[in-house]
Amino acid sequence: MNLWIKNGMVVDPEKDKIQKRDIIIERGRVVKIVPHGEFKGDSYRGKTIDASGKYIIPGLIDMHVHLREPGYEYKETIETGSMAGVAGGFTALACMPNTDPVNDNSAVCRFILKRARESNLLHIYPIAAITKGQKGEVLTEFGDLKSAGAVGISDDGRPVTNSEVMRRAMEYAQYYDLKIISHCEDIALSSGGQINEGVVSTRIGLPGIPSQSEEIMVYRDIALSRLTGSPVHIAHVSTAESIELIKRAKEKGLPVTAETAPHYFTLDHSATENYDTNTKMNPPLRTPEDVDAIKRALAEDIIDVIATDHAPHSPLEKEVEFDRAEFGIIGLETALPLTLNLVRDGVLTLPKAIRKLSYNPAKILGIPGGVIKEGSPADISIIDLDYEYILKEEDIQSKSKNTPFLNKTLRGICLVTIVGGRVVWKRKI
């Protein structure tokens, strides 16, 4: 399909620029990016999209999602998760291995990619398990997993508690050029906890999870990165002290990168006071001071990536007592508007925000995307920064609806998502 996107403002996260440009797409690739008016289109044959007043961005890339298939299709499938992704402006998702069976072998990896091809909406990149069964004991076959299509490894949802196993994983991953994504949690400290340990947990009578349960393991994995020379990516950073540890690691030149999720810079632990299970996540929502620290870390590039940690759960697991509810919320369809709040508040420029949602994840995982330039794949989203709406359950494309932002007013939306030059999402507003 040939496409001519005209009159839009093109965001370049690599060069930190916004320019009014027209984009010509042929055979799935960007062939021309020209100043508006330069391309006359007298002999053009194809579809035209008028992006007047809108912003054209590289397709967003989420390096941390849970698509639940195989095994938990009642929560989400690769198809429904992909639909949620394109609705949110994403053109690529990296899915975590805590499925059933666990993605700890090439057969599961290939199954995920087969289902992605069948859904035919966006790019899916499997993240395979570090250890067999995610039990933290025996390493998986990294070479086989990479050959099957894995772009990274993680035991996300569970930490690798044995430091010797994690050391060998880092050494092994470096050999195969696979990124380790670390779930940093000392489960002896967090066991039984429901929300952040602090004044709110004391006041409402729920067991707490101390910030140190994250920070201890962040320190350990940074130390192991220093020992092995292996890169490590710290998942879902939620505390100020974790940020300090990552900052010092970067200052020392260690190959450490990090992500946070929109809920960690949008909400704090006071959101749990009404016992809404959609505010229950792991790591938990922290203090207002932690929220401010995360915003500063994003502005200072201590945190490289904004990922959703999209974690669908059915009402069976969320519409129960707080201490029985599962951890996690969906996030693919709210990531963009919540991140745009940082732009409006002056925390990030728009190119810098898109850099953390597209360019940096692509660079860290070593996958295509994150830029719009001549010759690149036409993975593009068109967004309206100012469109205001109330998030309704019937508008959510994800199979599960577990989000604390339900029935809340959001600002900023994806209008069109293009994958490989093909329009896969067009919103009616």
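Results, tabulated for the structure shown:
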item	result
Complete set of residues in the range 369-387 that are closer than 19 Å to A353 by Cα and either free of Cβ contacts under 8 Å to residues at least 40 places away in the same chain or charged (D, E, K, R) (or both)	K373, D379, D384, D386
Meets criteria (surrounded by 16 or more Cβ atoms within 10 Å (Cβ to Cβ), farther than 30 Å from K252 by Cα and among the β-branched types (V, I, T)) for I330	yes
Flag for A249 being in contact with a helix residue (DSSP H, G or I) (Cβ under 7 Å, 6 or more places away or on another chain) and assigned to a strand (DSSP E or B)	no
Near pairs, Cβ below 8 angstrom, 6+ apart or cross-chain, from the range 159-176 (more than 12 Å from P231 (Cα to Cα) and free of Cβ contacts under 8 Å to residues at least 40 places away in the same chain) to any residue that is surrounded by 17 or more Cβ atoms within 10 Å (Cβ to Cβ) and acidic (D, E)	T161/D186
Unique match (being of a type in the set (D, E) and more than 25 Å from R68 (Cβ to Cβ)) among D186, D144	D186
Search result, residues across the range 13-53 that are crowded, with 21+ Cβ neighbours inside 10 Å, out of contact with any helix residue (DSSP H, G or I) (no Cβ under 6 Å at 6 or more places or on another chain) and of a type outside the set (A, V, I, L, M)	R21, D22
Filtered residues of the range 180-214 (kept if touching a Leu at 6+ places or on another chain (Cβ under 8 Å), buried (at least 22 other Cβ atoms within 10 Å of the Cβ) and of a type outside the set (S, T, N, Q))	I195, I209
Cβ-Cβ under 9 Å pairs, at least 6 apart or on other chains, the range 1-30 side assigned to a loop (DSSP other than H, G, I, E, B), far side of a type in the set (S, T, N, Q)	P13/S358; P13/N360; D16/T349; R27/N2
Residue under evaluation A378, criteria (1) buried (at least 22 other Cβ atoms within 10 Å of the Cβ); (2) farther than 26 Å from D304 by Cβ, criterion not met	(2)
Filter result for E259 (touching a strand residue (DSSP E or B) at 6+ places or on another chain (Cβ under 9 Å), under 23 Å from L189 (Cβ atoms) and of a type outside the set (S, T, N, Q))	yes
Residue list for the range 390-429, restricted to those being in contact with an Asp or Glu (Cβ under 7 Å, 6 or more places away or on another chain), hydrophobic (A, V, I, L, M, F, W, C), buried (at least 19 other Cβ atoms within 10 Å of the Cβ) and under 14 Å from G331 (Cα atoms)	I396, I413
Matching residues, the range 106-135, being crowded, with 19+ Cβ neighbours inside 10 Å and assigned to a loop (DSSP other than H, G, I, E, B)	L121, L122, A129, I130
Count of the range 98-115 residues which are over 22 Å from I181 (Cα atoms) and touching a helix residue (DSSP H, G or I) at 6+ places or on another chain (Cβ under 8 Å)	1
Residues of the range 136-148 classified as surrounded by fewer than 17 Cβ atoms within 10 Å (Cβ to Cβ) and either in contact (Cβ under 8 Å) with a residue 40 or more places away in the chain or polar (S, T, N, Q) (or both), total	1
Residue count, the range 215-232 (criterion: under 18 Å from P159 (Cα atoms), surrounded by fewer than 20 Cβ atoms within 10 Å (Cβ to Cβ) and among the small types (G, A, S))	1
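Quick note: the coordinates plus some simple rules give every number you see, no bench work behind them. These figures come from a predicted structure and were not determined experimentally. A quick note on method: Cβ atoms are made from the backbone with ideal geometry, for glycine too, and the neighbour counts reach across all protein chains shown.
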